[in-house]
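See structure below.
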Amino acid sequence: MDMKKLSAEFIGTMTLVLVGCGTAMLVGCDAANGSGYILTAFAFGLVIVGMAYCVGNVSGCHINPAVSLACLFDGRMKIGEFFGYCIAQVCGALVGSGFLWLIFEGAGIEDKTKGFGANALAGVKNSFFIGVVVEFLLTFIFVLVILGVTSDKAKHGSFGGLIIGLSLVMVHILGIGLTGTSVNPARSIGPAVFAAIEGNFEPIKDLWVFIVAPLCGGGIAAFVHRAWEGRK
């Protein structure tokens, strides 16, 4: 197992949760409050841009089990490496959430630690069904962009990281008001665990949606991408 790759995935996912979920905690992401909503979307997207150019040459900058699963199905990694990536990503998300707890408790604004930027379905009618549909579709779109941009046939030069980051902003703009936008099981697991520690069990109850739907969306995106490239 390549520890350089695993450490890159750990740090990348930790940064995603620290900055993305931290911004959601600080400014709120209510759809009625446009500034917080947009700031949260851009926080997640800008982390991906930064990490793509920071750790992309080390690990590929998956920092997302759904992306790793798509790369596995696309033949870009082996099964053992996939599980190593997933473990590193989840650990990074947990540590990122731990830093958020430390920062917000230390700053005396512990009232904001009830959610930790976790995903939930409380505000969605027909919540489980709609949540699965939204997370599946948004992950499918996001991962399909990643596979296309990073394909050997792509001709985007050094702009790949920027394109992927802006794509994450795009799916967040639609998804925040519906599910909080996960499209990333690790990003959902870390905050949900710390929200439960603080006594908020709603994210844990809904967590299966944010694990199953993104993984299915990423997996299907890989098969579509392979078909487009003429591979079985």
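Every number in this text was worked out from the coordinates using simple rules, so none of it is lab data. Bear in mind that the values here come from a model prediction, so they are computed numbers and not experimental data. Cβ atoms come from the backbone with ideal geometry, glycine included; neighbour counts cover every protein chain shown.
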With a cut-off of 8 Å between alpha carbons and a minimum separation of six or more residues, what is the relative contact order of the stretch 3-228 in percent? 31 percent
In nanometres, the difference between 0.36 nm per residue of separation and the alpha-carbon distance of Lys205 and Val133 is 24.2 nm
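Just how large is the dipole of the chain about the Cα centre, in debye to the nearest 20, putting +1 at every Lys and Arg Cβ and -1 at every Asp and Glu Cβ? Please list the in-between numbers first.
Working: 14 positive and 14 negative charges, 146 e Å.
Roughly 700 debye, rounded to the nearest 20.
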Give the relative contact order (percent, whole number) for the stretch 1-75; include only Cα pairs under 8 Å separated by 6+ residues. 38 percent
Quick one: how many lysine pairs in the stretch 3-228 have C-alpha atoms under 20 angstrom apart, if they're 8 or more apart or on different chains? 5
One finds, for Glu229 and Phe83 with R0 = 25 angstrom and r their Cβ-Cβ distance, a FRET efficiency to the nearest 0.05 of 0.45
Residue (of Leu147, Pro185, Leu100) at the positive-pole extreme of the stretch 3-228, dipole from beta-carbon charges: Leu147
[x] 16.5, 50; [y] 17.6, 53; [z] 16.5, 56, with the label sought being that of the calculated Rg and Dmax of the Cα atoms in Å: [z]
Within the stretch 217-232, which residues have the backbone N less than 13 Å from the label spot 7 Å out from Lys153 along Cα→beta-carbon, could you tell me? 224-232
Once both labels are modelled 7 Å past Cα along the beta-carbon direction, what's the Ile197-Leu39 spacing in nm? 2.5 nm
Got a sec? How would Lys153, Lys5, Lys78, Lys205 order by Cβ neighbour count within 10 Å, fewest to most? Lys153, Lys78, Lys205, Lys5
Which helices of the chain meet both criteria: a Cα extent of 20 Å or more along the helical axis and a mean Kyte-Doolittle score no lower than 1.6, with helices taken as whole DSSP H segments? 127-149, 160-179
Along the charge dipole of the chain, which of Phe210, Met1, Cys71 sits closest to the positive end, that is, farthest toward it, with unit charges on the beta carbon of Lys, Arg, Asp and Glu (+1, +1, -1, -1)? Cys71
